[in-house]
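The values are calculated or read from the model by the stated rules, or taken from the named source; none is laboratory data. In this text, all values refer to a predicted model and were calculated from it rather than measured experimentally. Cβ atoms come from the backbone with ideal geometry, glycine included; neighbour counts cover every protein chain shown.
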Amino acid sequence: MNAVIASSSIDGGIGCWDLQTGAEQLRYKTCASPPHGLTSVGCRFLACSQLRDPSATSGHLLYWSWSKPQAQVKSFPAEPIKPLIANSDGTYIVGGGSSGDIYIWEVATGRLLKKWHAHYRAITCLVFSEDDSLLISGSEDGCVRVWSLFMIFDDVRRQQVSHLYEYSFTEHTLRVTDIVIGYGGGNAIILSASEDRTCKVWSLSKGRLLRNVVFPSIIDAIAIDPGEHVFYAGSRDGKIYIAALNAESSPSDNYGLHIIGSLTDQSKPVTCLAYSAEGNLLLSGSEDGMIRVWDVKTQNITRMFRHSKGPVNNIVIVRLPYPLGRAESKSQPSSRKHELSLPPPLEKYANSTDEDMDNKAIVMLPDTIDLPSYLSSQLINDHIKQLQQQGSSAVAEMEVKRLKADCQRSVDMFQQLRKVYDNLQEFCVNELLDEQTMEGSKGN
Amino acid sequence: MYDVGLKPVMLRSLIRQYLPAENHPLNLNNSCFELPSLVSILQTHCLLSELDSQSIDPKLINTWKSAVDDWLSCLLSLLSSDMSDKCWVGICLLGVTCQECSNQRFLSSYSVWLNKLLSHIQPPADSQLVKIASYTSLADLLTRLARFPEVKKDGNLLAGKLVQPVLKLLNEDNVEAVWEGAANLLYALIAFFPASIHHYYDKVEAAIASKILSGKYRSKTLKKLGYCLALLPKAKGDKDSWSLMMQKILISINDHLNEAFQGVEEEAKSDEARRLLVPPGKDLPLPLGGASFKGTSSERLPTAIMSTLMFCCCKMLTSSYPVQVTVPVRSMLALVERLLRVDGSLPHTMLPFMTSVQQELICSELPVLHAYSLELLIAIIKGMRRQLLPHSAYIVRVVTRYFKRCSLPELRIKLYSIIRMLLVSMGVGIAIYLAPDVIENASNDLNSLGGEDTETSPANTGPATGALPQLGNRKRKHDAKTGSLEEKQDAPSPKGESNTHQMTPITVKIAALDTLEVLLTVGAASKSESWRSSIDSLLMKTAINSCKRGWGNLESNIFLPHESASVWADFQFSSLRALLTSFLAPARVRPAYLSQGLELFRRGKQEAGMKLAQFCAYALFALEVLIHPRALPLDDFYSACHKSTDGASNRFLENIYSGSQKQNTLFLSSMRRTEQGGVESHDDDLYDRWLQNENENQNKKENENIPVEDMKDRTSRPNDSSFTNVLEVREQEPAAANADVHIRTENEIVVQPWHLEESVPKSQEVASAKALMSPAVGTNPGGSEIESKTPLSASDRLNDTNHDMFSFVDKVDGFDNVAGKTSSTFPNAEKGSSSMVHLDSDSSMDSFPGIVDADPDTDSDSD
């Protein structure tokens, strides 16, 4: 099922709905998240950074398993983490700190693998590339940077280069509010929105700006159409603007160059967007606490979820392999045991004392399906070959047995014949003797 | 043939024809040899299935059922015969029956069959063949049984009965062939009924380990046993037993290596490996199998043992396991590195201690060990997937270092496949850094002779597949038992190196091509400027060479062994695929060899065999999009980006080629300020004015750089507007005004800078850039992108001014453009603003050759 999960900056918990039916699922308690702070870790559980107050000097991270409303694991990173993201199979969690540092944790052990100073000011958003090999970060200083994780983990190469990032895009002048990445691996486009009222389209392959779209108001959220025809920009004036990527646009558009239309229903600012490729649905969260589901073809609202009174600031669509709720926990209590137990909390500092763990990794080995293979017919062929060659000792042994039996039979037959012969001889001898005695008697 | 009614009849006649009657002695030489054909008839016609979807005629079902009943009673009577050959026939056929019979029949009678078979593996011992056959048939029975989850419990119970006889046999019997049968059964037990093993875990481990560690059996048997050992932890199914088993195996490999590599590696290596395996302060686990086995004679290396144990590691990593496990990645990688590091040459300190016999011995066994360590590396990558990331840099270093030395075709092919796996699993991020090594090695392999000479006789490539055993012989040529080592110690390595360049087997070339293909798909978009053009030309050359003497025959030649038959066609296929990828992979310039490539695909479509022709047709189809692009180009800053005044492109260049662009930095930093200021001041007229002033200052600077005559030259050219491609524009400028789209050739690139120098003699920057770059360009006919970059940005300044001519003739101002583009909302300022709004549409139109064909004057009029 496709679940929609949403959180808010003031405590309203994490709402969870089934996108197809609209039914509300469990509500996960006590969550006040900064924007981009909610993520699902490999669809196994939920993780969310917690920040009660934007200027707080400490924050924490919470994990919820899908089946329980209470947060089960609490971690205390070294500084408040705002954006939080996990890679697609949920092996790593990356968090952006308010000092501009980026942290990478290994989920299975909770170890802090790497931490590096990425930006001059707080990180505002983090995105993984399609293949999880690149990380894109946006910051309050207006900078968007592209990092290769391979480089981050290569201690030797790190020392040889002047900077760690692959690209650094500095054209935004104010805080970067949202980043999304398009399709196409190394040739993808990156879209970034900023408080300078622009959205910019960057080329990952060329490493430069492709398009600059200026909006009437500040854009806080963007979502990209999977076909990259257009992108959607949720603005503080309450509209969701549709801007052209590959779509044709005429210079006479109402809102400005490249903006070809808008979706409106509300006056409250749009704070977050998510796109569900499966149903071609656009989900928007707003400061009035509602989540609206738009059919992008008809541009109508098809559904509304009420989250809370406060502003919704995160929407994530998670594809769950099994339905949530009570039925699941009853039917497969034992087989899912390892999935339900959550990993340990994330470490605060890179812990170099446990060196042994550096050399190891906790891994779920890949599932392989062993097709049943039957051996008998192959065995027959092998053995027949051996028999034909008469070479192997096993065959010789069998042959010996057969020969022994033959031998026995021959011996038997020999005995029999011998007996016959003996009888015959005796008979003949007797005959002869009889004749002789008769002749003898004649001669006498 | 499809008539169901015939099936019972066929079965009965088979029974009559093939199965020996009870009292009739079996004639081994006749009826026995027909068994395979009997089995194949049974399987083809599903004679035992008792199932047909089409007919539900009860009469037919009954006749069929009774026929199968007869078949089984016949088998069972054979089974209980005291003649071992009859018995053997019965057991084998019962195994086939387990596989073929209907579900119902199997479920109702499996326990009877199992007990019958069980009686044959228990003493008093029967003949070997009967034993092997009954183990194998039991394995088949269990395999089938495992597919019915509802009888799992019963299955476990029955399987439990089998464990002890198997163990007894492994421990007591001395005949290798029987173990193989036992290994079959053991595999079925562990794989399908792990619970049955649970109580005997240690005993099974000890039994298998003793066989493996004795190391004197055929590798096939050892592999089977090794596989069983790898699966054994499943019997317990918890986290610790897997890790313990892995640790034990690694320690055992390590110990054998210490012994084997004495003298060919530094002592420190073995200590380090040990430290990784058993962290200081922790207890050493019991050795594999419980007790230590003192095995092999000293004259042979324990290669068989080590390779079996490594095979075991591979299987442990790639088989599924019910819970998460802790994998000692680091020590496994260290093991791989340690093995790959030893190449048979001696460290100088060791010289006096080694005899040439010992060295020979190691050299002859090394290829096998290297092959297995590469296999282990492959398994690590497969098993760890994403979690390998922290170790990926280490792996890349190990692989690239080994790549430089490795020359055996077999091993190179494996290395290429490792690189492909890394590229696919780690994506763009790793491709950027792995590319140089891949390019270097693949170019060497593809450029070397070899393929061309052997192309007419594919059989010549045979040695490629059989290279491993051959190496031993080759190395033995150094045989000189009394000779002094000093003369010989260097022999192996130079020989290896020269080998790479003499002749590369086609199979290696195929691997190289496939790897280039993957590199292009994953990493062509990112930072590929330095190698792209040379790879494109290499792939074109290879494809042309591969196809120049006609098309390979894909149908395997029945006179040749299977693999070597279609190798040439495979080579063609790989080269065409790589060529297509090189066309389709994202690039900044049009594919240079498109026309030749299209021609090649066209010919292939018409002339080649089925598979190749199909691929060529697909290639032509895929390339159509390249020729008629459908999507509108997203790039608004197409021409702007190539201006040296554009911040993004400059910084980008700076990132890559820092140093060569120093002359721009001052210039650049002022520019950066302008841009950012421009965006920040949406509503600030004052700021705009100030900005305008600054621009004016810079305009002067710019104007100094660009000679006025040049400008005039350009304005007089109306058709110079097809900006689809910067490089084309560059060519057009020095060339005739109405020139059409050229295909870029290497020569033109080389010539380019000199043209520029003529046309822009006063430009300080261009000149200085050239001073840096043009020698390199001149000497390197490859014309790679790095070298052309600086001249490019220089020429773009021309391009830039050229562009300005279209938008406003009265004003030659490159800076306004940029400022305007980054913030197109400029309110009115004097000069530049008049065209601001226009600029965006203008530059986006630049991308369509057709639209901007207008006269520059009209363009400026419309402002």
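Among residues of the stretch A:389-400 that are hydrophobic (A, V, I, L, M, F, W, C), those with a Cβ under 8 angstrom from a residue that is surrounded by fewer than 12 Cβ atoms within 10 Å (Cβ to Cβ) and at pLDDT 70 or above, sequence gap 6+ or separate chain, pair up as A:Val395/A:Gln389. For the stretch A:397-407, check the following and say yes or no: at least one residue is within 28 Å of the chain's Cα centre (by Cα), among the basic types (Lys, Arg) and modelled with pLDDT under 85. No, because not a single residue in the stretch A:397-407 is within 28 Å of the chain's Cα centre (by Cα), among the basic types (Lys, Arg) and modelled with pLDDT under 85.
Is it the case that B:Gln324 is surrounded by fewer than 20 Cβ atoms within 10 Å (Cβ to Cβ), touching a strand residue (DSSP E or B) at 6+ places or on another chain (Cβ under 8 Å) and within 14 Å of chain A (Cβ to nearest Cβ)? Can you show your working first?
Details: surrounded by fewer than 20 Cβ atoms within 10 Å (Cβ to Cβ): yes; touching a strand residue (DSSP E or B) at 6+ places or on another chain (Cβ under 8 Å): yes; within 14 Å of chain A (Cβ to nearest Cβ): yes.
Answer is yes for this residue.
Selection of first residues in the stretch B:422-438 that are in contact (Cβ under 8 Å) with a residue 24 or more places away in the chain and of second residues that are among the aromatic types (Phe, Trp, Tyr) and buried (at least 21 other Cβ atoms within 10 Å of the Cβ), restricted to Cβ pairs under 6 Å at least 6 apart or on distinct chains, gives the following pairs, ordered by first then second residue: B:Ile430/A:Phe150. Screening B:Lys404 against (1) of a type in the set (Lys, Arg); (2) under 30 Å from A:Tyr167 (Cβ atoms); (3) away from chain A (no Cβ under 11 Å) leaves a single unmet condition, (2).
Can we say B:Arg12 is within 16 Å of B:Ser73 (Cα to Cα), at pLDDT 85 or above and basic (Lys, Arg)? Show your work before the answer.
Values: within 16 Å of B:Ser73 (Cα to Cα): yes; at pLDDT 85 or above: yes; basic (Lys, Arg): yes.
The answer is yes for B:Arg12.
Over 21 Å from the mean Cα position of the chain (by Cα) and modelled with pLDDT of 85 or more: which single residue out of A:Val293, A:Val316 fits that description? Please lay out each step first, then the result.
On the way: A:Val316 fails: over 21 Å from the mean Cα position of the chain (by Cα).
Within the list A:Val293, A:Val316, the selection yields A:Val293.
Scan the stretch B:424-440 residue by residue and report those that are facing chain A (nearest Cβ under 10 Å), within 15 Å of the chain's Cα centre (by Cα) and not small (Gly, Ala, Ser). Please lay out each step first, then the result.
Applying the first criterion (facing chain A (nearest Cβ under 10 Å)) to the stretch B:424-440 yields B:424-434.
Filter once more, keeping what is within 15 Å of the chain's Cα centre (by Cα): B:424-428, B:430-431, B:434.
Residues satisfying the conditions are B:Val424, B:Met426, B:Val428, B:Ile430, B:Leu434.
Of the strands (runs of 3 or more DSSP E) contained entirely in the stretch A:73-160, those carrying at least 3 residues that are at the interface with chain B (Cβ under 10 Å from one of its Cβ atoms) and either crowded, with 22+ Cβ neighbours inside 10 Å or not β-branched (Val, Ile, Thr) (or both) fall at A:144-148.
Could you please give the count of residues in the stretch A:79-103 that are under 17 Å from the mean Cα position of the chain (by Cα) and free of Cβ contacts under 8 Å to residues at least 60 places away in the same chain?
So in the stretch A:79-103, the residues under 17 Å from the mean Cα position of the chain (by Cα) come out as A:84-94.
Subset that is free of Cβ contacts under 8 Å to residues at least 60 places away in the same chain: A:84-92, A:94.
Total meeting the criteria: 10.
Restricting A:Ile219, A:Ile104, A:Ile152, A:Ile189 to residues that are closer than 24 Å to A:Ala277 by Cα, in contact with a Leu (Cβ under 8 Å, 6 or more places away or on another chain), among the β-branched types (Val, Ile, Thr) and modelled with pLDDT under 95 narrows the list to A:Ile189.
For the stretch A:257-295, filtered to residues that are in contact with a Gly (Cβ under 9 Å, 6 or more places away or on another chain) and of a type in the set (Ser, Thr, Tyr), the residue that is nearest to A:Cys199 (Cα to Cα) is A:Thr271. The single condition from (1) within 24 Å of B:Leu118 (Cβ to Cβ); (2) without any contact (Cβ under 8 Å) to a residue 60 or more places away in the chain; (3) not hydrophobic (A, V, I, L, M, F, W, C) that B:Arg218 fails is (1).
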